[in-house]
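Here, each number is a calculation from the coordinates, and none is a lab measurement. What you see is a predicted model, and the numbers here were worked out from it, not measured in a lab. Counting neighbours? That spans all protein chains shown, and the Cβs are built from the backbone with ideal geometry, glycine included.
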Amino acid sequence: MRGFYAFIKKEFLEQIRTFRLWILLAVAVLFGMMSPLMAKLMPEILSSMNMEGMVIQIPEPTVYDAYTQFFKNFTQMGTLVILLIFGGTLSGELSKGTLINLLAKGLPRRTVLLSKYVAAVIIWTVAYALAFVTNYGYTVYLFPETDVKNLFFSLFCLWIFVCFVISLIMLSSTIAPGSFGGLILSAGALVVMLMVSIIPKAEKFNPITLASVNVALLEGTKSVSGLTLTVSITILLILGSLIASILIFEKKKL
Amino acid sequence: MENMDSLMQYLPFLIPLVILQLALMLAALVHLLKHNKYRFGNRVLWVIVVAVFGFVGPILYFTVGRSEE
């Protein structure tokens, strides 16, 4: 356990030293501010580009438009940023050989992997919370009506999805070689899942669903109970990826 | 003109957004001008990327462009 805490601390220091923590926090606040503003200003921007004699009727933006922007930013750009920030944590150290000394001194490999995962999840959680608080503050000021359904469950769905993405990065990093191996393989896996999500029957079994139903949950057109299976599958996949990556990592030649 | 006025009304909301974007860009520019080595590409390329692509540029620089040394 002592090794675990020490390694988590090292991870945090590393993320701070490489500016990655600050970048992620800045992007989180940026998304939080940008999303409601974009939703609110979109009609103004569109009408300022209006051509002579053409009138575009745009309905008054609502709080749902703000959350649509928020979740769209996070599922698209956010996932990409997460991949870039955490994609190299294990792959990079493996290809540079900085872990060899620590492992030779008796630090178990599973401790390295798990503490890297836990550190990444903590950082992601802090960034996500920061983004939501900023987003909420802006939304309350910009929109008169801010009541939505299932807000926390909807946020939780995206949170657990990104936790799954991070576990995917860990697994990919133990499989693929090179300092960008983990990044490329996990991005590839996400693309495959995105293609599978076109099939309606696979929806319930695909973790990517958790990153696409968020606004439907807020509107109440999707129910919480309809997603328990998807959430359970995602949690199982997280555990599965972590166990698989530990097993592969234990056998890997460094 | 009417549109400009309604945009002005959101200025207090826009200012922090712009400041944060500029801060990210400046941090990346300062770092890349102080360092000579990049994982790939050269200084000109990274200055363009950081200056042109909004907040995506600095993210790319700090995650894949910045040298590990």
Among A:GLY182, A:GLY137, A:GLY97, residue whose mean-square fluctuation peaks in a GNM of chain A (springs only between Cα atoms under 10 Å): A:GLY97
Lysine pairs with alpha-carbon atoms under 14 Å apart, segment A:2-251, spacing 8 or more or separate chains: 4
Within chain A, helix-based [θ] at 222 nm, where runs of 4 or more DSSP H residues each add -39,500 (n - 2.57), nearest 500: -24000 deg cm²/dmol
Signed unit charges on C-beta, dipole axis of segment A:2-251, positive-most listed residue A:THR139, A:TRP159, A:GLY226: A:TRP159
Alpha-carbon centroids, segment A:123-154 and segment A:37-109: separation in whole Å: 15 Å
Longest DSSP-loop-exposure-free segment, trypsin sites (Lys or Arg not before Pro), chain A, at most 15 other Cβ within 10 Å: A:1-104
Residues A:SER225, A:SER35 arranged by fewest to most Cβ contacts within 10 Å: A:SER225, A:SER35
Helix B:11-34 vs. chain B, principal-axis angle (Cα, 0 to 90°, nearest 10): 10 degrees
Relative contact order for segment A:174-254, counting Cα pairs under 8 Å that sit 6 or more residues apart, in percent: 31 percent
Order of A:MET34, A:MET49, A:MET1 under a 10 Å beta carbon neighbour criterion, fewest first: A:MET1, A:MET49, A:MET34
Relative contact order computed over segment B:2-65 (Cα-Cα under 8 Å; 6+ residues apart), in percent: 33 percent
Neighbour-count ranking [beta-carbon atoms within 10 angstrom, fewest first] of A:ILE100, A:ILE233: A:ILE100, A:ILE233
Inter-site label distance for A:TYR64 and A:ALA129 at 7 Å from Cα along Cβ, in nm: 3.1 nm
Mean Kyte hydropathy of 0.5 or more with a Cα span along the axis of at least 30 Å, helices from DSSP in chain A: A:20-48, A:109-142, A:151-175, A:228-251
Charge tally in the Cβ shell below 15 Å around A:GLY78, where Lys, Arg are +1 and Asp, Glu are -1, A:GLY78 excluded: +2
Enclosed volume per residue, in Å³, of the convex hull spanned by Cα atoms of chain A: 150 Å³
At R0 = 41 Å, FRET efficiency that the Cβ-Cβ distance of A:ILE235 and B:ALA51 yields, to 0.05: 0.45
Test item: Cα-centred dipole of segment A:2-251, Lys/Arg +1 and Asp/Glu -1 on Cβ, debye: 1300 debye
Longest to shortest principal axis, alpha-carbon extents of segment A:1-91, angstrom: 69, 22, 18
Over segment B:2-65: Kirkwood hydrodynamic radius from C-alpha pairwise inverse distances, Å: 12.9 Å
A:GLU145-A:THR228 FRET efficiency (beta carbon distance; Förster radius 25 Å; 0.05 resolution): 0.30
Student exercise, chain B dipole from Lys, Arg, Asp, Glu Cβ charges, in Debye to nearest 20: 460 debye
